[in-house]
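Only one structure is covered here, and it is reproduced in the block below.
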Amino acid sequence: MELVSPISTRPRIPNARLGIFMTALILLVVGISLGKTEAFEWFVLKNAIRAKYPTVPRITTEQLAQWLSASSRQQPVLLDVRTEAEWNVSHIAGARRVDPGASAEVAAAGIPKDAPIVTYCSVGYRSSEMARRLRAAGFTNVRNLEGSIFEWANEHRPLLRAQQRVTQVHPYNAWWGRLLADDVRAPLPAAH
């Protein structure tokens with residue numbers, strides 16, 4: 001007796017990637033038609049960073065602001081993972097600048113392995129990579145600031161330059177700077 005396998009009659013589930021792509025495409029078209037491409041760009045950017053660094057815990061700008069204002073809670077070590085030129089325009093109060101290419105040991109010199117650390121950069125890529133390196137080096141309480149300093153500035157949260165309150169952020173470059181609101185985007189330095 002020969003066994004014949006019946007043809008499946010259950011409905012096909014579309015490829016998940018195709019579904020995500022179509023959803024993103026619809027959101028893009030709707031966003032463009034409503035003039036709201038920034039929200040879509042942030043959505044795509046944050047999801048790309050999450051996908052590239054799935055093991056890096058995140059903290060929102062609102063959560064960080066609440067943490068920084070809670071005097072009864074151990075304050076995090078803020079690591080600003082941007083260039084000196086970016087840092088010189090503005091940074092979050094209390095932050096310590098580390099070079100984006102620094103090793104975890106150099107970036108976190110003198111910081112206990114269990115200390116709370118929050119990394120940030122312009123939008124989250126460089127700081128996610130630093131957070132990944134720190135975690136791989138044994139630092140156990142590391143989070144990346146989702147949206148980083150661009151989102152922090154867009155929400156008009158406090159920024160400093162040389163201990164003075166400022167409102168603008170270095171835009172990194174013209175393309176990434178589009179993610180900053182006009183009133184918080186510092187001018188790009190003239191090319192030499």
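In nm, to one decimal, how far is the modelled label at His156 from the one at Ser71, with both set 7 Å along Cα→Cβ?
Distance between label points: 2.6 nm.
Given +1 on the Cβ of Lys and Arg, -1 on the Cβ of Asp and Glu, and no further charges, what dipole in debye does the range 55-184 carry about its Cα centre, rounded to the nearest 20?
Working: 15 positive and 13 negative charges, 61 e Å.
Magnitude of the dipole: close to 300 debye.
Could you tell me which of rounded, prolate or oblate describes the range 55-184, using a ≥ b ≥ c as the square roots of the eigenvalues of the alpha-carbon gyration tensor, with rounded for a/c under 1.5 and, failing that, prolate when a/b is larger than b/c and oblate otherwise?
Prolate, because a/c is 1.5 or more and a/b exceeds b/c.
No lab work stands behind these numbers, since they all come straight from the coordinates. Quick caveat: nothing in here was measured; it's all calculated off a predicted structure. Every residue, glycine as well, gets a Cβ built from its backbone with ideal geometry; the counts of neighbours run over all protein chains shown.
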